[in-house]
Structures are given as C-alpha cells and as structure tokens.
Amino acid sequence: MKRSSSESALLVRDGLPGWLLPVRAAAETVRPEQMSRFLPPAEGGRHSAVLLLFGEGADGPDLLLIERSSSLRSHAGQVSFPGGALDPVDGDPQGEGPVAAALREAAEETGLDPEGVQVFATLPALYIPVSDFVVTPVLGWWRRESPVAPVDPGETGAVFRVPLAELTDPARRGRYRHPSGFSGPAFEVADRVVWGFTAGVIDRMLHHSGLELPWDSSRAVELV
C-alpha cells in the first residue's frame, strides 16, 4: 500500500540508532502478506493503531508493552502494545490518522509524552477478524524518554519495557495453542506470556529485520 503524503510528513527516518536501522528497513519493504494471513477487507473494518515504541533502557534496546487490566470484559490481563481505535480527531485513516491515534492512545494509557517520540515508519495495516479491527502498527523511537505508568488502572494494569535481548532469546520463545484451536508464536518475558496479535507482530518484525535467532517452533508455551 502506497503511503499517503500526509502520513509521510509525520515520519522522520533519519537520526535513529544503528540497531534500529534493520527494523526501519524491514518496515519500509515488508508486504502485508508477509506479516499476516489476515488482511484488511476492501471496505469496512474498525480502524485502529498500535505503537511499537523502541527505547534504550538499563538493559539495552527495548520495547514498551502494556498489560490490560484484569477487570476488563475482553482481553483482560493480556499483554499488548499501547493503542486503540481511531477517533475523528485523529484524522484520515488512510493518512495521518493511525500515527495520531497511536501516539494519543499511548499517552492516554501510559502517560508518555508524545513529543519525545520520533515516528519513523508504519507497518502494513493488518486485520483481526474476531473484533473486525483494521490495525496499523506505528513504529517509534523514544528519543526523549518520559515517565510511564498506568494512567487508568481500570484500563491498564501495568506498563513495562522488555529488552529485545529477551524477545530474541530462543529459550523464551515457543508457540501457544488457544482453546479455540488457533495457535501462534508466544514469548515468555517479564513474568508474562505475550501471545495473540501482539506476539504475531513481534515475531514477524524480528524475522524480517534479521534480529531473529533460531528457535524451537515445536516448544509449547502455556497460556496462564
């Protein structure tokens, strides 16, 4: 999908640390079908966006994740990227809307300062059939970090950073099988299991950026 001029104006490619360059290159060249077998319908779908925010923490390069509140009616306690549905204020879903929504939702969920985030790429929009969400992953570099924590405990149970070294560790990788019969990649990090859409995006990102290490895809990870 060709990126619109309005979206392009929000992206700043240069000035990234060297370890992020393969991620940027992958984001700019990967095709939708290389990311997922679930692709957006020609029309319809609920437009949303998530933020993949990369930073450099005490343990090296990392990725910001959240844990949804255990009191939520759907996806309670599940690990995810910050993000959510586009609002009218965010703008055109085919243009600047996903970037604006990803930053807005991340600020509302974690308290981060969007001014400190350099958005450098977007991934192709993907589809979550069960919820009818058309999701655009937005990639950012945490150039000027700000404190983060759950803003509304009723929505967000935890905010945490996961080192890329843990996400690429073969001993922490495997596959889960959902009671529905669906299976997919999973990561055991920060005393949590990352699975579902979030794990799928991380899995494909690591693979196409060349950061992936050989891992045992037959290893089973239990959902808790």
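The values are calculated or read from the model by the stated rules, or taken from the named source; none is laboratory data. Bear in mind that the values here come from a model prediction, so they are computed numbers and not experimental data. Neighbour counts are summed over all protein chains in view; Cβ atoms, including those assigned to glycine, are modelled from backbone coordinates with ideal geometry. The accessibility values were calculated without ligands, DNA or RNA, using every heavy atom of the protein model including side chains. Shrake-Rupley method; radii C 1.70, N 1.55, O 1.52, S 1.80 Å.
Phi angles of segment 39-54 translate, via the Karplus equation with coefficients 6.51, -1.76, 1.60 and θ = phi - 60°, into HN-Hα couplings of 10, x, x, 4, 9, x, x, 9, 6, 8, 8, 10, 10, 9, 9, 9 Hz per residue; Gly and Pro are given as x. Could you pull out every residue, at least 5 positions away or on a different chain, whose amide H is within less than 5 Å of the one on residue 158? Hs are placed 1.01 Å off N in the peptide plane, and Pro or chain starts have none. The answer is 67.
Take each peptide in 119-128, 154-163, 88-97, 134-143, count the other Cβ atoms within 10 Å of every residue, and average; sorted highest first, the result is 134-143, 119-128, 154-163, 88-97. Per residue, the average separation of C-alpha pairs within less than 8 Å and at least 6 apart gives the chain a relative contact order of 24 percent.
Between amide H atoms placed 1.01 Å from N, distances below 5 Å from residue 12 occur with 119, 120, all of them 5 or more places distant or on a separate chain.
If you build the convex hull over the alpha carbons only and average its shadow over all orientations, what do you get for segment 84-224? Give it in nm² to one decimal. Hull-based average projected area comes out at 9.5 nm². Comparing 33, 109, 67 in a Gaussian network model of the chain where C-alpha atoms under 10 Å apart are linked, the largest mean-square fluctuation is found at 33.
For the chain, the carbon plus sulfur part of the accessible surface works out to 52%, probe radius 1.4 Å. Distances between placed amide hydrogens fall under 5 Å for residue 46 paired with 133, 134, all partners being 5 or more residues away or on another chain. Largest GNM mean-square fluctuation across 52, 16, 213, computed for the chain with C-alpha springs under 10 Å, falls on 213. Across segment 145-224, C-alpha contacts under 8 Å between residues 6 or more apart give a mean separation that, scaled by the residue count, equals a relative contact order of 31 percent. When the helices of the chain are scored as -39500 (n - 2.57) per DSSP H run of n ≥ 4 and the total is divided over every residue, the value at 222 nm lands at -6000 deg cm²/dmol. Would you kindly give the portion of the calculated P(r) for segment 90-153 that falls above 16 Å, as a percent of all Cα pairs? It works out to 51 percent of all Cα pairs.
Across segment 31-109, the relative contact order, built from alpha-carbon pairs under 8 Å that are at least six residues apart, equals 27 percent. When DSSP beta bridges are restricted to pairs lying wholly in segment 29-181, around 75% turn out antiparallel.
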